[in-house]
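Report on the following structure.
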Amino acid sequence: MLSMSAIRAINFTEQVIFLAVYLVFVVWLARRLQPSPVSRWFLALTVALWLWVSGRFMESVVYLFLPSNNDAYVFAANFQYLGFGYSAASYVIWVLYVSGRWRATENLFVRAVVLGFPALIVLIVFTNPLHHLFYTKLAMGQQVGHGPLFAPLFVFGYVMLLAGWCVSMIDIVKRGGDKARRAFLLSAFPLLPPLAAAARSLSGIDLVDFTPVVMAVSWWCLYLAAFKHGYVNVVSSSLAEAVRHAPRPVAVYDAVRGEFVYRNLLADGEYGTAFSKLPNAVPMSEGSYEARLQGRELSVSVTVLSGGELMVSAADQTEVNSRLQMLAEQAERLEQLTVRLAEENRSIEAYLESLDLAGDLKRRKEMAEGIYEELSSVFERIRQNLQAARSDPDRSASPLEENLQIGIDSIAKVRAVVAELRG
């Protein structure tokens, strides 16, 4: 049978491996998640679970290296509840966002209750005279004396977890689809740790540390629910990346706070100043609007999301409007050239009527017919270029410039023919 020292060494090794691997996951998750409340609070929960196991790790360090230091053991034991308190708070806020009840997180009473709980634990853990409010005596795990705040804070923490679990179950019943798997995955964290703690207390077995395994399973189930199977209100990473690099500015506006809670690269960078002033320029309600900000002419679209936020996207009409104006100006110049060409045609017709039928009439007639045929093809090319310019304003410059040159060249040829015919 293994000695107590060997068992403690095994627990120490298990915790070191968990904390190292889990820390890698924390960094990986922080780099991967998009900036949204659901993602941020899931990351906070992930860090809190790491702190929870860190308390157990500290206990093992005291067991192995400081066996007679009761104060160090009291601090290590209390530190677990730092992770526990932040886990409960992060989980409750995360579930509120997941279920679309994000407005509840803005309630001052909810904030005070949920965030005040871990703040009180921090005060106790890091204030030496208050250590014994949780534990008054710890003799290396064999003899335990609880302080006056142990039971109420312990019970309050699990009541918070149970409340968050009830909110998630109500959301599952309402939303429908794959209820059994969602209920299982979203129940892992609020139910598995207390069940494991109850089993440990009732059996009296506390030799092998179960905490890292329980935390890993709980976290993995929540991660699968949130980011693998898409069971919560989180945009998939691929879609989030597409929105982030979209060729037009896109942002999410929180009407309650009166501020943008998310902006993609364009909305945050090139259009940053314009988007900051957008709420003052157009109504922040569903619909389509026109706005002129920072020298940009924007066509703005506002859509209400399922959580109540507003998705705001914009198309920059500045360059398009400029091209349309240029198209109108060049079309007007072409119209003037067409009138001038028609006048030259009438001059040719009048002169042909006055021509004497003697001499080189045949040659003159062929010249006139030739210029008429060329003018016919010129008008057809002008018509085709105008049609192409109107159908694609972004590429209108090239056909319009060609039309101008065709008109100028045609007038020159007509004048040359008229001069030769008159000569």
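The values are calculated or read from the model by the stated rules, or taken from the named source; none is laboratory data. In this text the structure is predicted, and so the values were computed from the model without any measurement. We place every Cβ from the backbone using ideal geometry, glycine too, and count neighbours over all the protein chains shown. SASA here: full protein model, heavy atoms, side chains in, ligands and nucleic acids out. Shrake-Rupley method; radii C 1.70, N 1.55, O 1.52, S 1.80 Å.
A few remarks follow.
- One chain, two ends: Thr136 and Glu420. Fully extended at 0.36 nm per residue, the span grows by 90.4 nm beyond their Cα-Cα distance.
- Heavy atoms of Arg381 accessible to a 1.4 Å probe, total area in Å² rounded to 10: 110 Å²
- Theoretical FRET efficiency, 1/(1+(r/R0)^6), r = Cβ-Cβ of Tyr223 and Phe109, R0 45 Å, to 0.05: 0.90
- Extending 7 Å from Cα along the Cβ direction at Arg390 and again at Val24 yields two label points whose distance is 6.5 nm.
- Placing a label point 7 Å from the Cα of Glu332 along the Cα-to-Cβ line, the residues of region 379-419 whose backbone N sits under 18 Å from it are 390, 397, 400-401, 404.
- Measuring r between the beta carbons of Met367 and Leu265 and using R0 = 60 Å, the FRET efficiency lands at 0.40.
- Placing dummy labels 7 Å off each Cα toward the beta-carbon, the span from Leu120 to Gln405 is 8.3 nm.
- Neighbours of Gly308, meaning other residues whose beta-carbon lies under 9 angstrom from its beta-carbon, give a summed charge of -1 when Lys and Arg score +1 and Asp and Glu score -1.
- Pairwise label distance in nanometres, Ala397 with Arg248, each label 7 Å out on the Cα-Cβ vector: 2.3 nm
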